[in-house]
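The structure appears right after this line, and notes come after that.
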Amino acid sequence: MSKLLVAAVFLTLSIVTEVNAQRQTANITHIQLQKADVPASNYEVRLEILEISPGVVARHTHPGPTMVYVLEGGVTLLIDGSPSRSFSAGDSFLEPAGLPHEAYADKPSKIMVVFVVPKGSPLVIPATK
């Protein structure tokens, strides 16, 4: 009986995590361009284009460093412990691993993102705080 209860708890947690991840990216479309393993490591690199609808991108973290280049439109980035910064087409910035942040786009925007993550890790983890 206790094994069944533990399994039910893990299933519930996994469903909640998936729902939160879907909410996290409700206004973002991911277009994967490339994915490659980093030689002699447990990491992979993913190159994606993210199309962001106007609105807030909820607080989240990344399990590895994330490099961003703004292709179109613009975003305002709010990283914990730092003043907000706005970026327009042609600007780039770095989102450090594990540091909670959120963003805002006031018009449709497009960014190119390089994710460096441990193999099998999610790209985005909803921040709880």
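Values quoted throughout were computed directly from the atomic coordinates according to the rules given, and no laboratory measurement underlies them. Here the structure is a predicted model, which is why all the values come from computation and not from measurement. Quick reminder, even Gly has a Cβ in these numbers, built from the backbone with ideal geometry, and neighbours come from all protein chains shown.
Dimensions of the stretch 47-124 based on its C-alpha atoms, expressed as ranges along the principal axes with the largest first, amount to 32, 27, 19 Å.
What number comes out for the charge environment of Met112, summing +1 per Lys or Arg and -1 per Asp or Glu over other residues with Cβ under 14 Å away?
Counting the neighbours of Met112, the net charge comes to -3.
Across the stretch 62-67, rounded Karplus estimates of 3J(HN,Hα) from the backbone phi angles (6.51 cos²θ - 1.76 cosθ + 1.60, θ = phi - 60°) give 10, x, x, x, 10, 9 Hz, Gly and Pro being marked x. Across the stretch 74-83, coupling constants 3J(HN,Hα) worked out from phi with the 6.51/-1.76/1.60 Karplus curve, θ = phi - 60°, read x, 9, 10, 10, 10, 9, 3, x, 10, x Hz, and Gly and Pro carry x. The relative contact order of the stretch 42-119 comes to 51 percent, based on Cα pairs under 8 Å that sit 6 or more residues apart.
When +1 charges are put on Lys and Arg Cβ atoms and -1 charges on Asp and Glu Cβ atoms, the dipole computed for the stretch 25-80 relative to its Cα centre reaches about 80 debye. Stretching the chain fully between Ser41 and Lys119 yields a gain of 27.2 nm (0.36 nm per residue, less the alpha carbon separation).
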